[in-house]
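Below: one structure, written as structure tokens.
FYI, it's all coordinate maths here, none of it is from the lab. Every value quoted in this text rests on a predicted model; they were computed, and no experiment measured them. Ideal geometry is used to build each Cβ from the backbone, glycine not excepted, and the neighbour counts take in all protein chains shown.
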Amino acid sequence: MNLIDKYIIKKFLTTFFFMLGIVMLFSTVFDISSRLSEFIENKATVYAIIFQYYVNFIVYYGNTFSALIIFLSVIWFTAKMAQDSEIIPLMFSGKPFTRILRPYFIAATILVILSLILNHLIIPKSNQVRLAFEEQYYRDRLFVENYHAEFPGNQIVYFSSYVSDLNIVNDLRIEKWGKDGKIISFLNAKAATNKLGSNNWKIENYYIREIGYPNDKIVSGTKLDTNFVFRIEEMAIRENRPETMTFSELKNFIEMEKRKGNPKIPDYEITLHQRTSLPFATYVLTLMGVAVASRKKRGGIGINIAIGLLFVFIYIFAMQIATVAAKNVGFPPLLATWVPNILFGITGYIMYRLAPK
């Protein structure tokens, strides 16, 4: 590694962390302005606001948008080098363009490894703290409607609605089926409550029927304490709960939800695969950034930034299209998370081939 390599790596990393700091500073200020009244109203302590929420807020969102910030950082400092005629001597040094790219990819690799460690090991634990704070101080109540799932023991569970602040399940119905495909029993209850963290339930205005001659019987009543194989936490799940799970926990959760027939499986699988695909987007966006900014342009750095922002919007749009396709038309979630990288990788290679050599 020569002096030029160290110079470019230093430029890359310092520009990235500077831009990341600026972006997260503005994000934090805007978030504080929108949440401050709720923090005061719910009497959140300064320690909780800073260390339980905003430290984890910065870690999560900083890592989420790191690939795009890396892209803009590469364009910024490379365009600045081009405008200062620092790229031209490298072009005429007789070294291939791939050699000039080497320090860029060394720095990108450092950031990819850091992002992978954060995504798979640190951020899930960090999110547990952040989301617990949100739940306590400003998260809106959770409402679930028309729930349907299958649980162990061939039990089919339905309910019409659930409201978290009341902790009441309305119109609960549980069907138990035999291996021969015939119904064994069913339970109807007008209302039910679950003791959080346990399998203990209280049902009201219930009707239970055991089916099968000669043991067919009916039991009804106004109140009953009983145990079920499921808990309300397994049924009333916020959309961001997978963000608190490690890789293995999320895979197990997805397998369990598949057995229940949860329609949100594509969302969970996209969350799982993006933990790897987004960090690797760094390589693609770095290649594109160098190809865009290495040519000295008459419009100065501004035109390079404008081109970079255009590619950022196109990349985000491609991600959204792939995500919608995975959720609504059965496009494989694994492929959906990698398609933007593949398409932009091809684009980056074409731009690299057309870049000045």
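Considering all projection directions equally, how large on average is the shadow of the alpha-carbon convex hull of the stretch 1-149, in square nanometres?
Averaged projected hull area, Cα only: 13.3 nm².
Hey, with R₀ at 41 Å, roughly what FRET efficiency would residue 141 and residue 251 work out to, going by the Cβ-Cβ distance, to 0.05?
Numbers: r = 30 Å, r/R0 = 0.72.
With a Förster radius of 41 Å, E is 0.90.
When the helix-only estimate is applied to the chain (DSSP H runs of n ≥ 4, each -39,500 (n - 2.57), divided by the residue count), what is the mean residue ellipticity at 222 nm, nearest 500 deg cm²/dmol?
Working: 11 runs with 205 residues, N = 357.
About -19500 deg cm²/dmol.
Quick one: helix 265-293 against the long Cα principal axis of the chain, what's the angle to the nearest 10°, folded into 0 to 90?
The helix 265-293 is inclined about 10 degrees to the chain.
Find how many whole Å separate the alpha carbon centroid of the stretch 202-237 from the alpha carbon centroid of the stretch 113-160.
The stretch 113-160 and the stretch 202-237 have Cα centres spaced 26 Å from each other.
Which option, (1) 53, 23, 15; (2) 30, 22, 21; (3) 37, 24, 16, is the value of semi-axes √(5λ) of the Cα gyration tensor in Å that was calculated from these coordinates?
Step by step, semi-axes √(5λ) of the Cα gyration tensor in Å for this structure corresponds to label (1).
Considering the options 221, 282, 203, tell which one lies farthest towards the positive end of the dipole of the stretch 151-298, charges being +1 on Lys and Arg and -1 on Asp and Glu at the Cβ, about the Cα centre.
Positive-most Cα among the choices belongs to 282.
Put a dot 7 Å past each Cα toward the Cβ at residue 204 and residue 31; how far apart are the dots in nm?
Result for the modelled spin labels: 3.9 nm.
Note down the relative contact order for the stretch 16-161 as a percent, whole number, built from C-alpha pairs under 8 angstrom at least six residues apart. Walk me through the numbers before you get to the answer.
Details: 73 pairs, mean separation 45.4, N = 146.
Once divided by the residue count of the stretch 16-161, the mean separation gives 31 percent.
Pairs of alpha-carbon atoms within less than 8 angstrom and 6+ residues apart define the contacts here; what relative contact order does the chain have, in percent?
19
Which of the peptides 283-293, 232-242 is most tightly packed, and how do the rest follow, judged by the mean count of other Cβ atoms within 10 Å per residue?
On the way: 283-293: 24.8, 232-242: 16.8.
Most protected by this proxy first, the peptides run 283-293, 232-242.
Which order do the peptides 189-200, 98-109, 216-227, 143-154 come out in when sorted by mean C-beta neighbours inside 10 angstrom, highest first?
Working: 189-200: 15.6, 98-109: 17.9, 216-227: 11.0, 143-154: 13.6.
So the peptides 189-200, 98-109, 216-227, 143-154, ranked by packing, come out 98-109, 189-200, 143-154, 216-227.
Nearest 10 degrees, 0 to 90: what angle lies between the long axis of helix 97-117 and the longest principal axis of the chain (Cα atoms)?
30
Using the structure shown, list the pairs from 176/327; 223/258; 202/264; 190/223; 202/258; 179/251 with a Cα-Cα distance above 22 Å, or answer none. Intermediate values should be presented prior to the final figure.
Numbers: 176/327 30 Å; 223/258 33 Å; 202/264 28 Å; 190/223 10 Å; 202/258 28 Å; 179/251 27 Å.
With Cα atoms farther than 22 Å apart: 176/327; 223/258; 202/264; 202/258; 179/251.
Using only Cα atoms, find the angle between the long axis of helix 66-83 and the longest principal axis of the chain, and express it within 0 to 90 degrees, rounded to the nearest 10.
Computed tilt is about 10 degrees.
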